[in-house]
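Shown next, in structure tokens, is the structure this report addresses.
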Amino acid sequence: MSGTSPTSGEPHPMRRATDHDPPGDARTASLVVAVRPDDPDAEWLLARLPPAVGEVVLVGAGADGLERTPRGVPVRRLGPWDCAAGEVPHRGLLAATGDHVVLIGGDGSMSPAEIPHYLHYLDSGFDFVKGSRFIAGGDTASYPLVRRLGHQALLRLARQLYGQRLTDLWYGFCAFRREFLDLLDLREDGVELGAELVTHALHYGLRIAEVPSLELPRRHGQSHSRTIRDGSRVLRTLVTERPRNTLHRFAAGSG
């Protein structure tokens, strides 16, 4: 029954009365994998998918000719994308057909073994679940001091503007209910940073959960992160998308 725990029948504290879930195991999950030209080892990731994934949307290079994963999950290829513009190609998310959509990078730094944790929180009533490298159980193999300081400054701003105490804005491993695609304002030809997707979720008041995630060393190439470029873009998005009722938060914070 919508809004209740499947085992006890009691209302779940995070459920809305309007939530409607498919019965039993009918819920499906689509995995969107963004693969850059210098990350050719998509097969490594696809060979390690958990059973919860029922569809793969592969955007970019790699896994040429692969129509199914080793476990038999269908793979749809959407061709190249403008990876210089960001890390989240919108058309991959828009092409997903599952009830839940999971976004993961194709460079091997994000483990597909963590996907069930994200889906668990969606099943528990959250709308948008994002990985965090900076809560208990999470970690990162490399995070330069300058980038860490910039990230902390943006986090403080996000807390003032949106009233939520997130711990990681820049990590692109996330999952959400596909019913909220329209609210996330994804344009067909858009490419953005993971933080911009989170900001859209904050702007529209989605119920957000963070789960610990371990960022592993990239299996190929170098990181494409650019601290100044990425930070300025995230700052602009945070300010542009801010709710209109945030003035009192700044006043309270300065008192």
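No value in this document is a laboratory result; all are computed from the given coordinates. The model shown is predicted, which means the values in this text are computed figures rather than measured ones. Neighbour counts are summed over all protein chains in view; Cβ atoms, including those assigned to glycine, are modelled from backbone coordinates with ideal geometry.
In table form, for the structure just shown:
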| item | result |
| --- | --- |
| For Arg36, residues with placed amide H under 5 Å, excluding near neighbours | Gly106 |
| Furthest towards positive pole of dipole, Leu58, Gly138, Thr167, structure part the range 29-254, Cβ charges | Thr167 |
| Only Lys, Arg (+1) and Asp, Glu (-1) charged, at Cβ; the range 29-254 dipole about Cα centre in debye | 800 |
| Likely footprinting exposure, Arg178, Arg36, fewest C-beta neighbours within 10 Å first | Arg178, Arg36 |
| Rounded to 5, percent antiparallel among DSSP beta bridges of the range 52-201 | 75 |
| Order by protection proxy (mean Cβ within 10 Å, highest first), peptides 179-189, 91-101 | 91-101, 179-189 |
| Likely footprinting exposure, Ser132, Ser30, fewest C-beta neighbours within 10 Å first | Ser132, Ser30 |
| Cα centroid of the range 28-49 to Cα centroid of the range 124-198, whole Å | 20 |
| Percentage relative contact order, the range 29-254, counting C-alpha pairs under 8 Å, at least six apart | 25 |
| Residues Trp44, Trp170 arranged by fewest to most Cβ contacts within 10 Å | Trp44, Trp170 |
| Values of log10 I(q)/I(0), in the order q = 0.09, 0.12, 0.14 Å⁻¹, for the range 29-254 under a Debye, Cα-only, solvent-free model | -0.34, -0.61, -0.85 |
| Karplus-derived HN-Hα couplings along the range 197-208 (A = 6.51, B = -1.76, C = 1.60, θ = phi - 60°), whole Hz, x at Gly and Pro | 5, 5, 5, 5, 5, 5, 4, 9, x, 5, 7, 10 |
